[in-house]
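Everything on this sheet refers to the single structure shown next.
The values are calculated or read from the model by the stated rules, or taken from the named source; none is laboratory data. Since the model is a prediction, treat every value here as computed from it, not as a measurement. Here Cβ is always computed from backbone atoms with ideal geometry, including for glycine, and neighbour counts include all displayed protein chains.
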Amino acid sequence: MDARFSKRRVDVQIIKWMGIGVAAIAALALVAGQLGLLKGTPPSDLGVREGMLKRPSASANSVSSQALLWLAHPHGEDAHIAPLALRGDGPATMARLKALLQALPGATIVDSRADYLYVQFTTRVMKFVDDAEFWFDAENDVIQVRSSSRVGSRDFGVNRQRIEALRERLAAS
């Protein structure tokens, strides 16, 4: 009887210490996020080059309307998202898109031109940053888009959901 009671007491202590460890790790992650240690480094190679936005990330944490143009991309089809349709002409659509982006919590417009927008999206709690680009592709009469997380290998569909929500808002505007 004493041996079983003693083993159960040890098991309870192990579970208690594991819970404390998990809580400590979560607290450290939260503090790291609040200090900006999880925001990553801004990419230095964004923009339009030879009619293309930057290649999607090699990991499954980005979407791009031009993903299929990168033939050797490991996540080409998974990373592909449709470009945004024009609402009027290109400049008018870009202006509407800019207004929508300015109203989004956590969105910071870093670069704004008549045919190009670069926006950083920062999550509220952990301060992760995603970089998004929107380019009026006059040749194809669409807004090409790329959105990518700076850190991590997965984004759990956040970039895709954000672009699809923008698509809906743009269509309704």
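Please tell me if Asp78 is in contact with an Asp or Glu (Cβ under 9 Å, 6 or more places away or on another chain) and touching a residue at least 12 places away in the same chain (Cβ under 8 Å). Let's see the steps before the verdict.
Details: in contact with an Asp or Glu (Cβ under 9 Å, 6 or more places away or on another chain): no; touching a residue at least 12 places away in the same chain (Cβ under 8 Å): yes.
When the stated conditions are applied, Asp78 does not pass them.
When the test is whether a residue is in a loop (DSSP other than H, G, I, E, B), of a type outside the set (Asp, Glu), more than 26 Å from Ala171 (Cα to Cα) and at pLDDT 80 or above, Gly40 passes it. Of the residues making up the stretch 87-132, those that are surrounded by fewer than 19 Cβ atoms within 10 Å (Cβ to Cβ) and over 25 Å from Phe156 (Cβ atoms) number 17.
I'd like to check something: does the stretch 149-168 contain any residue that is in contact (Cβ under 8 Å) with a residue 40 or more places away in the chain, among the charged types (D, E, K, R), in contact with a strand residue (DSSP E or B) (Cβ under 6 Å, 6 or more places away or on another chain) and exposed (fewer than 15 other Cβ atoms within 10 Å of the Cβ)? Checking the stretch 149-168: at least one residue is in contact (Cβ under 8 Å) with a residue 40 or more places away in the chain, among the charged types (D, E, K, R), in contact with a strand residue (DSSP E or B) (Cβ under 6 Å, 6 or more places away or on another chain) and exposed (fewer than 15 other Cβ atoms within 10 Å of the Cβ).
The strands (runs of 3 or more DSSP E) found entirely in the stretch 64-173 that carry 3 or more residues being under 12 Å from the mean Cα position of the chain (by Cα) are 116-122, 129-137, 142-149.
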